[in-house]
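J.: Quick one: the structure is below, questions incoming.
None of the figures in this text is laboratory data; all of them are computed from the coordinates on show. These numbers were taken from a predicted model, which means no experiment stands behind them. Neighbour counts run over all protein chains shown; Cβ positions are idealised from the backbone, glycine included.
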Amino acid sequence: MKALTELNEREVLALAIANEEEDSRIYQSFADRLRPDYGASAAIFDDMAEEERGHRDSLYGLYRERFGEHL
């Protein structure tokens, strides 16, 4: 596995996109588990998951713009 300092721009963006996707899944999982008993807390995690999806979409747009391809 490469160190972060060894990654090129394409690899850094791909890693950032993957991290945002994973964070979104984690937050959504928390929300789904909390929803039955703690609706207000679940809503906070829903919002956090949505924010991470927005970050992912922005990074993915940058990736397509820079490299003209899809992951």
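J.: Can you find a residue that is under 22 Å from His70 (Cα atoms) and of a type in the set (D, E, K, R) anywhere in the range 10-18?
T.: Yes, there is a match, as at least one residue in the range 10-18 is under 22 Å from His70 (Cα atoms) and of a type in the set (D, E, K, R).
So that you can scan it fast, the table gives a plain yes or no per residue for (1) surrounded by 14 or more Cβ atoms within 10 Å (Cβ to Cβ); (2) closer than 30 Å to Asn8 by Cβ; (3) of a type outside the set (D, E, K, R):
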position: Gln28; (1), (2), (3): yes, no, yes
position: Ala40; (1), (2), (3): no, no, yes
position: Glu52; (1), (2), (3): yes, yes, no
position: Arg56; (1), (2), (3): yes, yes, no
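J.: When the residues of the range 5-26 are filtered to those that are assigned to a helix (DSSP H, G or I) and more than 18 Å from the chain's Cα centre (by Cα), which remaining residue is surrounded by the most Cβ atoms within 10 Å (Cβ to Cβ)?
T.: My answer is Glu6.
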